[in-house]
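The values are calculated or read from the model by the stated rules, or taken from the named source; none is laboratory data. These numbers come from a predicted model, not from an experiment. Cβ placement follows ideal geometry from the backbone for every residue including glycine, while neighbour counts extend to all protein chains displayed.
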Amino acid sequence: MLSLLLKGGIATAGAVAELTLDPQLKYWVLLPISVVMILTGILRQYVQVMISPGVKGQPRVKLTEGQYILKAQVLVGNGSNITDKSFQERKEYLSKLLASGKYVARTKAAQDGSTPNPLTDPGMSDAMMSMAKGNMASFIPQTVIMWWVNHFFAGFVLMKLPFPLTLRFKEMLQSGVMTADLDVRWVSAISWYFISVLGLNPVFNLLMNESVDDQLGVMQSQPAQEQDAMAQPAQVEATMKSLANDITIAQHECCFDNVEKRVLKLYA
Amino acid sequence: MDRSDQFDKPVKSGTNIQDNKKRYERLMDKVCLVAGAVTGILQLESTSGFVAFLITYLLTAALYVLWICGATPGQYYESVISNILFDNFMRELMGFIMAWTFSFALIG
């Protein structure tokens, strides 16, 4: 097969060299590399889904703490949707509650007064482990495919690019082709690998829409949870105090003020 | 009346905007890959190929805004210019170049 592949010949010599490539190159080099890259991308996606950590449970005190912080943030953000009276009631209640620090989750280690070492904290090391696994899942296939292309498909011109490139690309894209004055548009297999790496994102998007969406959703929701889990009671208490301050000074405008005028203006 | 200015602005849902972005991206992916393959089959080279990409990209964006968004894209996106024109540009260009190179080599 290799002898078949190496049968590219120079048809005309001169300033603009026009090469005649063996058509078998397409079927034995171009298509296999493309198929392998697409399949590897799909496999990588599934492996990443499989090694992603599942949803972890949290103690109830932690959830309560998070919910009250969220409640205060929501009140500041969307307070204009309730009437003045309800806002004042909630404001009074929440600012008092948060300032008192009633719902700060206190673990045993924190009560002793010692700060836990982040390196020995199981939640932290789990997060680092999953990150490392994710990175491995993305760069190991890249390295393997690059090695595969470099090892089996080196030393011949594979294709002609439809656009000209500057001479600086020559060394990278024509690696293994020992010609000093060949046009940079004639490139070897490794450049098809590079083009595929850069251009396959849209293809993966079209092939695996749902799974990618799910993964994005997981990735978006995870950091918040982990942050919550890692936060120290002292930090949480400070956050609650500052939220209580925010609520105390929050200006309230009710959306029902002058609502008649606005509606009339809308249909005037 | 000044106080009520903030209530006159329409509220946009973040989830739906995300969904709209994804929808546009998917459409652009399809269009640009097909356009790249067509450009390669037509054996267009260098400048004319990139011009073909620009025409495809801008025409698709214009048609999307006029037809699918009903000429009011501001309803569906946070910042129209950046979301429609610039966010996906490099990604689509790379996809186009890949499809173009592939079909160019396969046909040529």
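Key figures for this structure:
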quantity: Qualifying residue in the stretch B:51-69 (condition: surrounded by 12 or more Cβ atoms within 10 Å (Cβ to Cβ), within 14 Å of another protein chain (Cβ to nearest Cβ) and of a type in the set (Phe, Trp, Tyr)); calculated: yes
quantity: Which numbered condition B:Lys30 fails, given (1) touching a Phe, Trp or Tyr at 6+ places or on another chain (Cβ under 9 Å); (2) surrounded by fewer than 19 Cβ atoms within 10 Å (Cβ to Cβ); (3) of a type outside the set (Val, Ile, Thr); (4) within 8 Å of chain A (Cβ to nearest Cβ); calculated: (1)
quantity: Those residues of the stretch A:248-268 which are more than 9 Å from chain B (Cβ to nearest Cβ), part of a loop (DSSP other than H, G, I, E, B) and touching a residue at least 12 places away in the same chain (Cβ under 8 Å), in sequence order; calculated: A:Ala250, A:His252, A:Cys254, A:Phe256
quantity: Matching entry among B:Val31, B:Val38, B:Val65 (being under 12 Å from the mean Cα position of the chain (by Cα) and closer than 19 Å to A:Ile195 by Cα); calculated: B:Val31
quantity: Of all residues in the stretch A:100-136 being part of a loop (DSSP other than H, G, I, E, B) and among the hydroxyl-bearing types (Ser, Thr, Tyr), the one that is modelled with the highest pLDDT; calculated: A:Tyr103
quantity: Residue within the stretch A:191-208 that is closer than 30 Å to B:Phe53 by Cα, at pLDDT below 90 and touching a Ser or Thr at 6+ places or on another chain (Cβ under 7 Å) present; calculated: no
quantity: Residue, farthest from A:Leu161 (Cα to Cα), within the stretch B:76-99, restricted to residues that are free of Cβ contacts under 8 Å to residues at least 24 places away in the same chain and of a type in the set (Gly, Ala, Ser); calculated: B:Ser79
quantity: Subset of the stretch A:70-91 [acidic (Asp, Glu) and under 20 Å from A:Glu237 (Cβ atoms)]; calculated: none
quantity: Residue count, the stretch A:18-73 (criterion: of a type in the set (S, T, N, Q), more than 28 Å from the chain's Cα centre (by Cα) and not in a helix (DSSP H, G or I)); calculated: 1
quantity: Qualifying positions in the stretch B:70-108 - away from chain A (no Cβ under 14 Å) and buried (at least 17 other Cβ atoms within 10 Å of the Cβ); calculated: B:Pro73, B:Tyr76, B:Tyr77, B:Asn83, B:Ile84
quantity: Subset of the stretch B:66-104 [within 17 Å of B:Leu44 (Cα to Cα), of a type in the set (A, V, I, L, M, F, W, C) and out of contact with any Leu (no Cβ under 6 Å at 6 or more places or on another chain)]; calculated: B:Leu93, B:Phe96, B:Ile97, B:Met98, B:Trp100, B:Phe102, B:Phe104
quantity: Yes/no for B:Leu106 being in contact (Cβ under 8 Å) with a residue 60 or more places away in the chain and in contact with a Pro (Cβ under 9 Å, 6 or more places away or on another chain); calculated: no
